[in-house]
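The values are calculated or read from the model by the stated rules, or taken from the named source; none is laboratory data. All values reported here derive from a predicted model rather than from experimental measurement. Positions of Cβ are generated from backbone atoms using ideal geometry, with glycine treated the same way; all protein chains shown enter the neighbour counts. Side chains included, ligands, DNA and RNA excluded: accessible areas come from the protein's heavy atoms. Shrake-Rupley method; radii C 1.70, N 1.55, O 1.52, S 1.80 Å.
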Amino acid sequence: QVRVVESGGGLVQAGGSLRLSCVASGRLGSWYKMGWFRQAPGNEREFVAGLNSGRIINYADSVKGRFTISRDNARNTVALQMNSLKPEDTAVYYCAADSTWRPINKVDGYDYWGQGTQVTVSS
């Protein structure tokens, strides 16, 4: 079993920055992927950014150039640095982890999910 815990959400003005962190504990395996997704009210959960242990990194077009995902292998931790935030970035952000070869940018590509952390960007 793998436990995923996010932290770092909050309220920020448009143009500001936030940093989210995620720790995955348990038997994740030597090959794994971790990703960030978000879900706004009334919308489906959507991919934001992801990386795998093969150093592949993927971003949604809507966040390219503004968000950066990074990892710390020793602690199964990933961070999401979010800069130049916009009101449309407001959502609950979820971290996910997985040890399969399913797509990195799909909700159904992950077995383990955190509880989510709220990010609110005011205009």
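Before moving on, here are some points about what is shown:
- With R₀ set to 25 Å, the beta-carbon distance separating Ser70 from Ser123 gives a calculated FRET efficiency near 0.35.
- Protein heavy-atom accessible surface, 1.4 Å probe, per residue over the chain: 52 Å².
- Converting phi to 3J(HN,Hα) with the Karplus coefficients 6.51, -1.76 and 1.60 and the offset θ = phi - 60°, region 82-96 yields 10, 10, 6, 5, 10, x, 6, 7, 4, 4, 8, 9, 10, 9, 9 Hz in sequence order, with x at every glycine or proline.
- Sparsely packed chymotrypsin sites (Phe, Trp or Tyr not before Pro) within region 76-116, loop by DSSP, other Cβ within 10 Å at most 16: Trp101
- Largest to smallest accessible area among Thr68, Thr90 [probe 1.4 Å]: Thr68, Thr90
- Here region 38-94 is described by how far its Cα atoms reach on the three principal axes: 36, 21, 17 Å, from widest to narrowest.
- Mean separation of Cα contacts under 8 Å, 6 or more apart, over the residue count of the chain: relative contact order %: 36
- Note on the chain: with a GNM built from Cα contacts shorter than 10 Å, the maximum mean-square fluctuation among Pro87, Pro41, Pro103 falls on Pro41.
- Phi angles of region 2-18 translate, via the Karplus equation with coefficients 6.51, -1.76, 1.60 and θ = phi - 60°, into HN-Hα couplings of 10, 10, 10, 10, 9, 8, x, x, x, 10, 9, 7, 4, x, x, 10, 9 Hz per residue; Gly and Pro are given as x.
- When a 1.4 Å probe is rolled over the protein heavy atoms, the share of accessible surface on the chain that falls to carbon and sulfur comes to 47 percent.
- Accessible surface, 1.4 Å probe, highest first, among residues Glu46, Glu6: Glu46, Glu6
- Considering only the Cα atoms of the chain, their convex hull presents on average a projected area of 6.8 nm².
- The candidates Trp31, Trp36, arranged from most to least accessible area with a 1.4 Å probe in the full protein assembly, appear as Trp31, Trp36.
- Cβ-Cβ distance of Ala14 and Val107, R₀ of 25 Å, FRET efficiency by 1/(1 + (r/R0)^6): the value works out to about 0.40.
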